[in-house]
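Colleague: One structure, as structure tokens, below. Some questions next.
The values are calculated or read from the model by the stated rules, or taken from the named source; none is laboratory data. It should be emphasised that the depicted structure is a prediction, and the values quoted were computed from it without experimental measurement. Ideal geometry is used to build each Cβ from the backbone, glycine not excepted, and the neighbour counts take in all protein chains shown.
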Amino acid sequence: MFDQLRQTLQRRLEKLTGQTTPLPAPLSDPEYANSLRVKGNAFLAEEKLEAAEACFREALEHNADDTRTLVCLGYALKEQSRLTEARVVLKRATNPANTDSEVFEALYLLGEISETQTDLEDAKKYFTSALEVKPDFTRACKDVVRILQKQRREGEIRPFLENRVRVCPESSEYRLMLAKACTDAFDFLGTVDHLMAAVALGVNEVNINMMLGAALCRLEREEEALPYFDMAQAADPSFAHEIQYHRGYYHSRSANTGTAIDFLEASIRLQPDYLPSHSLLLFNLSHGAKAVNRSYKGAAQRFAQMAESIHPPMPTVPAEPIDIATKTFRVGFVAGEFREHPVYHFFVGILEQIDKARFHLVAFSNNQSDDASTQVFKTLFHDWHDTQHMSHAEVADLVRTQQIDVLFDLSGHTGDARLPVFARRPAMVQVTWLGYFASTGLTTMDYILADAVSVPEDSNEWFSEKVVRLPETRLCMTIPRTFRPIPVTQAPCITKGYITYGSFQQSTKINGQVLRVWAAILESVPQSRLRLQNKAFDSASITGKIRADMEQAGIDLSRVDLVGATGWEEYLEAHREIDILLDTFPYPGGTTTAFALWMGVPTITLSGTTMLSLQGASMLKCVGLADWIAKSETEYITLATRFASDAHAIDALRQQLRTISENSPLFDCKRFARNLESAIRFMYQDKLTAAMTPQSTSHTPAP
């Protein structure tokens, strides 16, 4: 889903900086030249460009070096698309000897000409030069940012804007631009700081309070956010549904699922067509401890009805019989996670193994920011399309023009998803897979890829999609790639004389019930320790909250180590400190479980009744660790206690587990790629048959 704070900031900036620059005012040069320039400006206002040009040329005969007249003539020529002539005139105005402060206008116009001629670097140079002459020229600042975005140099935007703020500390516009840049970088602390500075400089608009509240919620500082939300709602009641959404987001991040659901339901009641609230509600219901399949299905159907009414399906392209065995399929993938993300680790190895001669791969990337992982992704697709700044309708049109046969959704109701694109049905076959663990609810989503463990046969009714079960597993982990060898070492319990339990899960997955079960395990295994590692523990507020929650659950904090962010290889090496991983529930690990298996560390997981809560069970069965799967909290505690009693057995398993894992379906990307190719052919044939058979009945296909 889209970040509403980012969108609000963008609208604010467009309002502030999207105004046209007024034409230059006359200077007090010789009276006749001045009158000619005034007359020429009048012609410009009437769009009589040739008449204006004549006046400016005559004026220059009487005052050849007048900056404003040169700027006006350059503008008139540019508007007539006589760019080379315009550049010559404007260069006269920007000669080093000219100290007239109005030269910034000439520099700016030269930047516009360079951009028109697709020389972005030259355009950026001129816009920056205009800012050096006129530091508070916000329009030029906005254009530099826009060009950096075009050049895919987003990493330079924030330093550039920070310099603008240093040069013009009293500019509220620059503060707002920098607040947006901080939001884009997920630095909500910076967002708050610069919004506060803008308020101190006199910005007094209701949406600033809204943005401050939203940013504070992202920082898990809801108590501070509430007054800003109250002020925003009092000034403009139309903000009410967004406020409820942001409060729901806060409680989602704080693992208060029930409270989050209440706020999101309130948001939907206030604004039924606000799709972000629907998606965040469904995400919470998909793993909520008190959620049941029936309540999820009802909420998913409600989302689908709204999404498909807002984004009605496109006209259907008639299906034609084909030879599946010889067809080259055009397969599209839509996601906002083509970057460092679990999707990367579960997808890159598969993409490398797919038969590129038979499957033409097209990416539709909704990334809010790219990174090194994005560059790896780009090498594995035949075609790459950045869709971040496109509307849902535009993306759907693009998919249609690309003649995509099978379109995959990799995000579901998470992150920067594009489900409204699928509501418009731009492809004949539409599939959801990988990044989400429940039904999308859309009637236009044809299939969902699963496996027999995560979606048992008796669970089909909870999906609006037809369930296609892949052999063995729906997930396949790419073997970790490191710059140096990361060998499996001896289990720490052998040398330390005690068991170290661990978890690398997000703090949002560690709810009160999980902590109470972990407390019982620590009590059952004297001298054992618990090591939790997550980048969130770099935050003092989050660390304080988790410590308070652990104390309330009865955990002795002297037996707990909290570790913050580390580098990639250091993260893998941290498994050397852990004997047994304890999975969270009902939202289990995925990427963390697979990485741990590769490092020789087994996980105890609790199986549930939903696709998500069965994820851990599916992965452990793939590597032959079915006996590490608990069916109840009591059994979870029993397993954790029993396995801890035999240190040598833990170490023996540790030494074998990497080899076992790499040879299992969970890490065999080549094998998985063949299964995925078969599923693509099957789904296309199944959909083609259904499209050509009006009376076809619904069934659950299997490749």
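Colleague: Which condition from (1) touching a Phe, Trp or Tyr at 6+ places or on another chain (Cβ under 6 Å); (2) more than 30 Å from residue 216 (Cα to Cα); (3) surrounded by fewer than 22 Cβ atoms within 10 Å (Cβ to Cβ) is the one that residue 519 breaks?
Modeller: Just one mismatch for residue 519, condition (1).
Colleague: Residues that are touching a helix residue (DSSP H, G or I) at 6+ places or on another chain (Cβ under 7 Å) and under 20 Å from residue 654 (Cα atoms), at least 1 per element: which helices (runs of 4 or more DSSP H) completely within the stretch 459-567 meet that?
Modeller: 492-496
Colleague: Continuing with the same structure: Starting from the stretch 387-404, keep only residues that are under 16 Å from residue 308 (Cα atoms), then list their pairs with residues that are among the small types (Gly, Ala, Ser) whose Cβ atoms are within a distance under 9 Å, requiring at least 6 positions of separation or different chains.
Modeller: 392/423; 396/423
Colleague: If residue 221 passes every condition in (1) among the charged types (D, E, K, R); (2) touching a helix residue (DSSP H, G or I) at 6+ places or on another chain (Cβ under 8 Å); (3) at pLDDT 90 or above but one, which one does it miss?
Modeller: Checking residue 221 against (1) among the charged types (D, E, K, R); (2) touching a helix residue (DSSP H, G or I) at 6+ places or on another chain (Cβ under 8 Å); (3) at pLDDT 90 or above, the one that fails is (3).
Residues checked against (1) in a helix (DSSP H, G or I); (2) in contact with a His (Cβ under 6 Å, 6 or more places away or on another chain); (3) at pLDDT below 95:
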| site | (1), (2), (3) |
| --- | --- |
| 333 | no, no, no |
| 337 | no, no, yes |
| 346 | yes, no, no |
| 356 | no, no, no |
| 360 | no, yes, no |
| 363 | no, no, no |
| 367 | no, no, yes |
| 370 | no, no, yes |
| 388 | no, no, yes |
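Colleague: In addition: Restricting to the stretch 477-493, count the residues that are surrounded by 14 or more Cβ atoms within 10 Å (Cβ to Cβ) and more than 25 Å from the chain's Cα centre (by Cα).
Modeller: Count: 6.
Colleague: Which pairs turn up if I take residues in the stretch 366-380 that are closer than 12 Å to residue 344 by Cα and touching a residue at least 12 places away in the same chain (Cβ under 8 Å) and look for partners that are part of a helix (DSSP H, G or I) and aromatic (Phe, Trp, Tyr) with beta carbon separation below 7 Å, at least 6 apart in sequence or on another chain?
Modeller: Partner pairs satisfying both residue conditions: 373/344.
Colleague: Continuing with this model, one more query. From the list 345, 341, 389, 360, which one is over 17 Å from the mean Cα position of the chain (by Cα) and not assigned by TED's automatic domain parsing to the domain that holds residue 265?
Modeller: The unique qualifying residue is 360.
Colleague: Out of the residues in the stretch 242-283 that are of a type in the set (Ser, Thr, Tyr) and in contact (Cβ under 8 Å) with a residue 40 or more places away in the chain, state the one that is surrounded by the fewest Cβ atoms within 10 Å (Cβ to Cβ).
Modeller: 254
Colleague: Being part of a loop (DSSP other than H, G, I, E, B), farther than 21 Å from residue 510 by Cα, over 25 Å from the mean Cα position of the chain (by Cα) and not assigned by TED's automatic domain parsing to the domain that holds residue 547, is that true of even one residue in the stretch 233-254?
Modeller: yes
Colleague: Considering each residue of the stretch 70-98, count those that are part of a helix (DSSP H, G or I) and without any contact (Cβ under 8 Å) to a residue 40 or more places away in the chain, and give that number.
Modeller: 18
Colleague: Being within 20 Å of the chain's Cα centre (by Cα), not assigned by TED's automatic domain parsing to the domain that holds residue 442 and not basic (Lys, Arg) is true for just one of 286, 267. Which residue is that?
Modeller: 286
Colleague: Please work out if residue 597 is within 31 Å of the chain's Cα centre (by Cα), in the same structural domain as residue 610 (by TED's automatic domain parsing) and within 24 Å of residue 476 (Cβ to Cβ).
Modeller: yes
Colleague: Name the one entry in 464, 411, 439, 454 that is touching a Phe, Trp or Tyr at 6+ places or on another chain (Cβ under 6 Å), hydroxyl-bearing (Ser, Thr, Tyr) and either closer than 29 Å to residue 277 by Cα or outside the structural domain of residue 534 (by TED's automatic domain parsing) (or both).
Modeller: When all the criteria are applied, what remains is 439.
Colleague: If you go through the stretch 423-436 one residue at a time, how many are part of a loop (DSSP other than H, G, I, E, B), under 21 Å from residue 692 (Cα atoms) and in contact with a Phe, Trp or Tyr (Cβ under 8 Å, 6 or more places away or on another chain)?
Modeller: Total satisfying the criteria: 1.
Colleague: Hey, does the stretch 635-656 have a residue that's outside any helix (DSSP H, G or I), out of contact with any strand residue (DSSP E or B) (no Cβ under 7 Å at 6 or more places or on another chain) and among the basic types (Lys, Arg)?
Modeller: No, that holds for no residue.
Colleague: Filter the stretch 314-331 down to residues that are modelled with pLDDT of 80 or more and of a type in the set (S, T, N, Q), then give me how many there are.
Modeller: Final tally of qualifying residues: 2.
Colleague: A further question on this structure: Residue 552 fails exactly one of the following numbered conditions: (1) surrounded by 22 or more Cβ atoms within 10 Å (Cβ to Cβ); (2) more than 24 Å from residue 438 (Cα to Cα). What is the number of that condition?
Modeller: That leaves (1) as the condition not met.
Colleague: For the stretch 568-604, name all the residues that are hydroxyl-bearing (Ser, Thr, Tyr), under 23 Å from residue 517 (Cα atoms) and either at pLDDT below 95 or in a helix (DSSP H, G or I) (or both).
Modeller: 587, 591, 592, 593
Colleague: If residue 169 passes every condition in (1) in contact (Cβ under 8 Å) with a residue 12 or more places away in the chain; (2) not in a helix (DSSP H, G or I) but one, which one does it miss?
Modeller: In the conditions (1) in contact (Cβ under 8 Å) with a residue 12 or more places away in the chain; (2) not in a helix (DSSP H, G or I), residue 169 misses (1) alone.
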